[in-house]
Amino acid sequence: MYLFLDFKFLTSMNIQIFLAYLPYCLITTFTPGPNNLMSFYSVSNYGWRNGLKIISGIATGYIVGFSICAILCNGLAIYIPEITRWLKYVGVIYMLWLAVHIAISKPSNSNSAAVKFSSGFFLAITNVKVLLYFITIYTAYAIPAGADLIDLFIHGFATFILAIISWTLWACAGGLLQKFLTRHYRIFNIIMALLLVWCAASLIF
């Protein structure tokens, strides 16, 4: 609790790190993905009371995911520091792959009928996209800037806050958001893909 009371996140280093990965974070968090689509699907089909079961499961799985990735990435940075320099390029490759995937993707719907906490939890903890997302932020942005384990957890919680906003927007927007993305998905996807390419290039140049 003390770590938050002394406003550790509001240091110049952490703010600079956060602003550096913010575009990548926003694109990855708010574009259509398993967690967002499940939030949209569960609330629009089963109502808030049942939909919140899955959303709370997704949130728990998200926290477990970024915690595990923070511990592993910090351990690699301490005991095998050279590997974090190369992991940055893994993050770059993943961003470029994600950009291509977003550019060519079409709208789809989630067909899962299981509205349970466990369904949301396992969806989040097995979502490779989200795990690679944490690893990219930690190894490409945070650790090279001097972040320690506590910093990694703080950045994990920062992305969690944005994720909550995203899930809530997807759940609330319902049919309106679905109609917009269906009608304009190609332009929207291309813009998001180009922004991801810019994020990847900024890590190298």
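Things to note:
- The set of residues in the stretch 116-133 being within 14 Å of the chain's Cα centre (by Cα) and either under 19 Å from Ser202 (Cβ atoms) or of a type in the set (Gly, Ala, Ser) (or both) consists of Ala124, Leu132, Tyr133.
- The criterion of being surrounded by fewer than 19 Cβ atoms within 10 Å (Cβ to Cβ), assigned to a helix (DSSP H, G or I), modelled with pLDDT under 85 and of a type in the set (S, T, N, Q) does not hold for Asn109.
- Count of the stretch 114-173 residues which are under 18 Å from Leu52 (Cβ atoms) and in a helix (DSSP H, G or I): 21
The rows are residues; the columns are (1) of a type in the set (Phe, Trp, Tyr); (2) buried (at least 21 other Cβ atoms within 10 Å of the Cβ).
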| residue | (1), (2) |
| --- | --- |
| Tyr24 | yes, yes |
| Pro34 | no, no |
| Phe40 | yes, yes |
| Trp48 | yes, no |
| Gly61 | no, yes |
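- Helices (runs of 4 or more DSSP H) wholly inside the stretch 1-106 that include at least 3 residues being among the β-branched types (Val, Ile, Thr), at pLDDT 75 or above and over 30 Å from Ile191 (Cα atoms): 34-79
- Of residues in the stretch 122-134 being crowded, with 20+ Cβ neighbours inside 10 Å and among the hydrophobic types (A, V, I, L, M, F, W, C), the one modelled with the highest pLDDT: Phe134
- Output for the stretch 127-148, where each listed residue is over 15 Å from Phe18 (Cα atoms) and in contact (Cβ under 8 Å) with a residue 24 or more places away in the chain: Asn127, Lys129, Val130, Leu131, Leu132
- Looking across Ala173, Ala163, Ala200, one residue alone is of a type in the set (A, V, I, L, M), more than 14 Å from the chain's Cα centre (by Cα) and at pLDDT 75 or above. It is Ala200.
The values are calculated or read from the model by the stated rules, or taken from the named source; none is laboratory data. Just so we're clear, the structure is a prediction, and the values are computed from it rather than from any experiment. Cβ sites come from the backbone with ideal geometry, for glycine too, and all protein chains shown count toward neighbours.
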